[in-house]
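Since every read-out is calculated from the coordinates, none of them should be taken as a lab result. Since the structure is predicted, the reported quantities are computational estimates derived from the model, not experimental observations. Positions of Cβ are backbone-derived with ideal geometry, glycine not excepted, and every protein chain shown enters the neighbour counts.
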Amino acid sequence: MKKLLDTIEMVIEMISRILIGGIVAIIFYAVVMRYVFHRPPAWSEELSRFIFIWMIMLSAVLVTREQSHIQMTFLVDLLPERLRFFLSNFIRLLMIAFCWVMIQQGLKIYPIVAEASSPSFGISMGWLYLAIPVSGMLMGLYVLEWMVKSIIARGRGTSSRE
């Protein structure tokens, strides 16, 4: 399972790199067209916004895998190891619940927004909103992975610094 999750992470990293490169290229092109040729492309802002939203949501998945979200641990670090273990896993359960809400509400809104189309390209807005349930599912997988790792580490008697 770890190999599958590592592969998914690698694919997401590659997609994120491609997306950020795409944003840079599109914005560079738009700036050159606007200020050098005085013919700004109408589609550049919309496309860069779509790419940016997907990049942010996929990057949130990567941050979840690395446990790099901003957190304040000075009070948690004062707790005994056993209480810290339960608190960390309780927070992970809350994160999984939030991911479930993202999936559920993202899928609920998808059919509604899929009927609308983007102004410049005319593609379904569903593609944009699909980032919500996709990232929710992937974040939930990685939170579950960390939860299982902490339980296994606790069972072995090793200290897992959350």
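The slack in the chain from residue 101 to residue 153, taken as 0.36 nm per residue of separation less the alpha-carbon distance, amounts to 15.9 nm. Suppose we look only past 18 Å in the calculated P(r) of the stretch 2-156. What percent of the Cα-Cα pairs does that tail hold? It works out to 68 percent of all Cα pairs.
Paramagnetic label reach from residue 8 (point 7 Å along Cα→Cβ; backbone nitrogen cut-off under 14 Å): within the stretch 46-75, residues 58-66. In percent, what relative contact order does the stretch 1-76 have, based on Cα pairs under 8 Å that are 6 or more apart in sequence? Dividing the mean separation by the residue count of the stretch 1-76 yields 36 percent. Using the beta-carbon distance between residue 20 and residue 82 and R0 = 25 Å, what value does 1/(1 + (r/R0)^6) give for FRET efficiency, to the nearest 0.05? Step by step, r from the Cβ atoms, then E = 0.05. With r as the distance between the Cβ atoms of residue 89 and residue 109 and R0 = 30 Å, compute the FRET efficiency 1/(1 + (r/R0)^6) and round to 0.05. Once the sixth-power term is evaluated, E becomes 0.50. Measuring between their Cα centroids, the stretch 9-33 and the stretch 55-107 lie 28 Å from each other. Under the combined filter of DSSP loop state and at most 14 neighbouring Cβ atoms within 10 Å, the stretch 55-162 retains these chymotrypsin sites (Phe, Trp or Tyr not before Pro): 74, 121. Taking every C-alpha pair closer than 8 Å and separated by at least 6 residues, the mean separation divided by the residue count of the chain gives a relative contact order of 23 percent.
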